[in-house]
Amino acid sequence: MALPPFIGRRREFQLLQSHLHGIARTGVGRLLSVRGRRQVGKSRLVSELVKRSGLPSLYFTASRQSRVEADLERFAADAAERSTLPGREVFASLAPNNWDGALRLLGQTLPANPSIVVLDELPWLVEHDPGLEGTIHKLWDTLFEGLPVLFILIGSDLSMMEALTSHGRPLFGRAREIVVSPFHIADTAEMLGSEDPAAAFDAQLVTGGYPRLLLDWRRGQTLWSFLGDSLADENTSLVTTGSRILAAEFPVEVQAHLVLRAVGAGRRTFGALREATGLQPSPLSRSLDTLRTDKRVIAVERPLSLRPSRDTRYSVQDPYLRFWLRLVEPGIADISRGRPDLALTRVRREWPAYRGLAVESLVREAVLRLAAGDERLRGAASVGGYWTRRGDVEVDLVGADRAPPARRILFVGSIKWRERSPFDRRDLAALAGARARIPGASQAALIAVARAGVGAREVDAAYGPSDLLGAWT
């Protein structure tokens with residue numbers, strides 16, 4: 001089956017091409033580290049580069065359920081049978097028994113003109129052979145850097161791949177980094193062929209901008225038609241991708257997995273997480289640190305005002321994983337026993353409240369992007385929210401001159417993502433009243449963000465889905 005058209009990734013693709021041009025110009029090799037969360041499209045991006053370049057290449061993908069000997073056998077077989085390197089025949093008669101020997105043989109197959117070598121899922125190779133990182137370092141310095149080769153290392157373990165090029169590690173100063181993120185919302189809209197900006201936001205909240213999930217969303221298909229199809233079978237990408245991400249990210253970290261599920265279920269404070277998980281403060285803090293720092297899967301937010309605050313809220317950073325944990329995973333048992341209607345009914349029931357909260361992070365990112373060129377947003381360099389510990393004040397949008405604590409509050413705003421009801425005078429009155437409760441915000445502009453339009457003319461600025469989508473275009 002033919003691959004679908006390659007969409008988006010213009011910046012990343014241009015970066016990869018610039019490295020190829022540099023190799024062609026200088027004859028000197030370049031080592032790249034490409035990282036991004038599983039299913040985000042790293043392999044497709046690099047495969048597209050290999051295909052479009054037409055250069056001699058080897059693309060090898062590791063397997064987690066393997067061992068060093070099996071990795072080496074598969075590497076030699078791929079080099080001999082599937083690569084387009086001119087000297088690949090050497091692998092047909094020789095069987096390397098370690099990575100040093102395998103990579104030295106690889107060096108013999110490379111041509112005098114530019115070529116591409118890819119090791120995909122590098123963290124799994126290193127897991128099987130911890131010395132591989134040092135081997136690559138040694139052979140890069142003594143062999144590959146002197147050849148016109150683009151040597152690409154791909155990995156989904158974000159912390160491991162980032163550490164790969166950090167100070168004190170063998171590849172520090174040698175490997176250049178490219179980070180592949182999920183599609184931003186404009187790419188999602190393009191992939192869906194949607195002319196409705198609000199529908200593009202819905203798609204982003206459900207798929208997280210994961211290309212594999214968007215492939216299942218037919219052009220012109222509605223949200224509920226897509227969800228009906230995707231929840232009808234326990235083997236669809238929407239249902240299985242979340243499980244695969246968790247299995248790959250947390251193979252042994254049961255406690256972190258437990259905490260992530262609690263955050264995904266809507267427990268946003270430390271106290272609520274303690275109650276939901278039954279963990280004591282120290283192990284809970286360690287798990288939260290793992291999820292935030294090592295796995296980069298949860299976001300931490302504090303109120304944005306002139307006063308410092310330790311009042312912390314947690315949320316799942318990845319929109320798809322947030323949706324999956326909250327609305328898909330609880331229905332998998334129903335789907336498996338032939339009652340997908342129950343799973344879909346649950347999503348329909350919870351969707352309005354879920355969407356109203358989940359869209360806040362997308363809106364904040366859009367407003368921050370717009371602030372660079374929109375005078376009404378007064379050049380805000382940080383956009384967050386504000387709340388009190390007691391919960392009697394809650395503001396969706398706060399724009400400031402810097403991250404908390406701010407020196408100046410530039411605007412406060414309200415997000416009303418209702419299907420049909422516009423932002424009205426009652427919403428404006430509530431926003432003005434909340435502004436008076438935020439330290440340093442008495443002179444801040446009032447802005448409204450609404451899915452169904454803004455009927456209150458007294459706001460200083462108003463934004464709808466098309467305005468927000470324009471932040472990425």
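Test of understanding: among VAL367, VAL383, which residue is under 27 Å from ARG407 (Cα atoms), among the aliphatic types (A, V, I, L, M), outside any helix (DSSP H, G or I) and not assigned by TED's automatic domain parsing to the domain that holds LYS295? Spell out the reasoning first.
Values: VAL367 fails: outside any helix (DSSP H, G or I).
The match here is VAL383.
Any chance segment 268-286 includes a residue that's crowded, with 16+ Cβ neighbours inside 10 Å, of a type in the set (Val, Ile, Thr) and under 22 Å from the mean Cα position of the chain (by Cα)? Within segment 268-286, none of the residues are crowded, with 16+ Cβ neighbours inside 10 Å, of a type in the set (Val, Ile, Thr) and under 22 Å from the mean Cα position of the chain (by Cα). I'm trying to understand the selection: among the residues of segment 370-387, which are small (Gly, Ala, Ser), in contact (Cβ under 8 Å) with a residue 60 or more places away in the chain and crowded, with 20+ Cβ neighbours inside 10 Å? Answer for segment 370-387, where residues must be small (Gly, Ala, Ser), in contact (Cβ under 8 Å) with a residue 60 or more places away in the chain and crowded, with 20+ Cβ neighbours inside 10 Å: GLY384, GLY385.
Taken over segment 64-85, the criterion of being in contact with a helix residue (DSSP H, G or I) (Cβ under 7 Å, 6 or more places away or on another chain) and part of a loop (DSSP other than H, G, I, E, B) is satisfied by ARG64, SER66, ARG67, LEU85.
For the structure I just gave you, tell me whether ASP427 is surrounded by 15 or more Cβ atoms within 10 Å (Cβ to Cβ), over 24 Å from ALA186 (Cα atoms) and among the acidic types (Asp, Glu). Full working, then the answer.
Numbers: surrounded by 15 or more Cβ atoms within 10 Å (Cβ to Cβ): yes; over 24 Å from ALA186 (Cα atoms): yes; among the acidic types (Asp, Glu): yes.
When the stated conditions are applied, ASP427 passes them.
In the condition set (1) assigned to a helix (DSSP H, G or I); (2) surrounded by 21 or more Cβ atoms within 10 Å (Cβ to Cβ); (3) within 34 Å of the chain's Cα centre (by Cα), PHE91 is compliant with all but (3).
Candidates are the residues of segment 222-257 that are of a type in the set (Asp, Glu) and touching a residue at least 40 places away in the same chain (Cβ under 8 Å); the one that is nearest to ARG286 (Cα to Cα) is GLU249. Would you check if there is a residue in segment 233-252 being among the hydrophobic types (A, V, I, L, M, F, W, C), more than 18 Å from GLY208 (Cα to Cα) and exposed (fewer than 14 other Cβ atoms within 10 Å of the Cβ)? Among the residues of segment 233-252, at least one is among the hydrophobic types (A, V, I, L, M, F, W, C), more than 18 Å from GLY208 (Cα to Cα) and exposed (fewer than 14 other Cβ atoms within 10 Å of the Cβ), which makes the answer yes. Of all residues in segment 3-49, those satisfying the criterion of being of a type in the set (Ser, Thr, Tyr), surrounded by 16 or more Cβ atoms within 10 Å (Cβ to Cβ) and either part of a helix (DSSP H, G or I) or without any contact (Cβ under 8 Å) to a residue 40 or more places away in the chain (or both) are SER43, SER47.
Inside segment 287-304, can you point out the residues that are surrounded by fewer than 17 Cβ atoms within 10 Å (Cβ to Cβ) and either modelled with pLDDT of 90 or more or of a type in the set (D, E, K, R) (or both)?
Within segment 287-304, the subset surrounded by fewer than 17 Cβ atoms within 10 Å (Cβ to Cβ) is 289, 292-293, 296, 299-300.
Listed by number, the residues that qualify are ASP289, ARG292, ARG296, ALA299, VAL300.
Let's see how each residue does on (1) within 23 Å of LEU49 (Cβ to Cβ); (2) surrounded by 21 or more Cβ atoms within 10 Å (Cβ to Cβ):
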| position | (1), (2) |
| --- | --- |
| GLN108 | no, no |
| ASN113 | yes, no |
| VAL118 | yes, yes |
| THR135 | no, no |
| GLY155 | yes, yes |
| HIS167 | no, no |
| ARG174 | yes, no |
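The values are calculated or read from the model by the stated rules, or taken from the named source; none is laboratory data. The shown structure was predicted, so the numbers you read here are calculated from the model rather than taken from an experiment. Don't worry about glycine lacking a Cβ; one is built from the backbone with ideal geometry, like all the others, and counts go over all protein chains shown.
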